[in-house]
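The values are calculated or read from the model by the stated rules, or taken from the named source; none is laboratory data. It should be emphasised that the depicted structure is a prediction, and the values quoted were computed from it without experimental measurement. Every residue, glycine among them, receives a Cβ derived from its backbone with ideal geometry; neighbour counts consider all protein chains shown. Areas reflect the complete protein model, heavy atoms only, side chains present, ligands, DNA and RNA absent. Shrake-Rupley method; radii C 1.70, N 1.55, O 1.52, S 1.80 Å.
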Amino acid sequence: MPKSSLGILHPKKLDSSGGSNDCAPKPIGAVSGGTSVWNKAGTWEERDVTPWAIETLTASLLSAEYVLPPGSPSPGAIASVSKVSKLEGNASHASVRSKKKYIYEFALTLEWDLTLGDAVTQKCTGEVTFPDIDGTVELGEGYDIVNYKVDASTPVGTGPLLQRFVRDGGLRESVHKAIDDWVRLFRATY
């Protein structure tokens, strides 16, 4: 039987000049359209963005404030978030079959204050916990609170005012807006 019919192959010299060489390793490449170059099928690909999320969500929450309206017991008084004392959770974004998914789940505790501008300045302080800041809540729906507390140093008789403008509305609505604005930023950034 002749050698050519046996399928004997002769070795070929590899091109070492950096030219086209199908055997050389190739870099994976940068992200393209939300997925890596290697992920041509668009299967699940997720990236952790928790440090960014904690930094930007904290900044958004610290900007939340509410000015008591005319006709309220202390018009012009400002209720604000003074500190984010606890912020635990995680955030990531994923590409699944070329569709973007935003995954986040946080629990947070905020310290707040309200300075009443009557004849004598009175400072009210306390804290509130939002246990479920996550993607299951639609924008504009609002977020549940637990552990609403008013510090003992808060002046007597301010309870109804605080319930109305901190716990049930006013500052609480401003915090809801700050969280919703952060969700919009998350979606726009990633």
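Remarks
- Matching residues, the range 63-105, being free of Cβ contacts under 8 Å to residues at least 40 places away in the same chain and among the hydrophobic types (A, V, I, L, M, F, W, C): V67, I78, V84, L87
- A Cβ distance below 6 Å, combined with a sequence gap of six or more or placement on separate chains, defines the contacts here; from the range 163-181, residues that are under 11 Å from L110 (Cβ atoms) reach residues that are assigned to a helix (DSSP H, G or I) in the pairs A178/S60; A178/L61.
- Filter pass, S60 being out of contact with any Lys or Arg (no Cβ under 7 Å at 6 or more places or on another chain), in contact (Cβ under 8 Å) with a residue 60 or more places away in the chain and open to solvent by less than 40 Å² (accessible area, probe 1.4 Å): yes
- Residue within the range 113-129 that is in contact with a Ser or Thr (Cβ under 7 Å, 6 or more places away or on another chain), farther than 22 Å from S85 by Cα and among the small types (G, A, S) present: yes
- Residue match in the range 163-179 (condition: surrounded by 14 or more Cβ atoms within 10 Å (Cβ to Cβ), hydroxyl-bearing (S, T, Y) and under 17 Å from I54 (Cβ atoms)): no
Every residue, every condition in (1) of a type outside the set (G, A, S); (2) closer than 18 Å to A188 by Cα; (3) in a helix (DSSP H, G or I), yes or no:
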position: A59; (1), (2), (3): no, yes, yes
position: V81; (1), (2), (3): yes, no, no
position: Y102; (1), (2), (3): yes, yes, no
position: K123; (1), (2), (3): yes, no, no
position: L162; (1), (2), (3): yes, no, yes
position: F165; (1), (2), (3): yes, no, yes
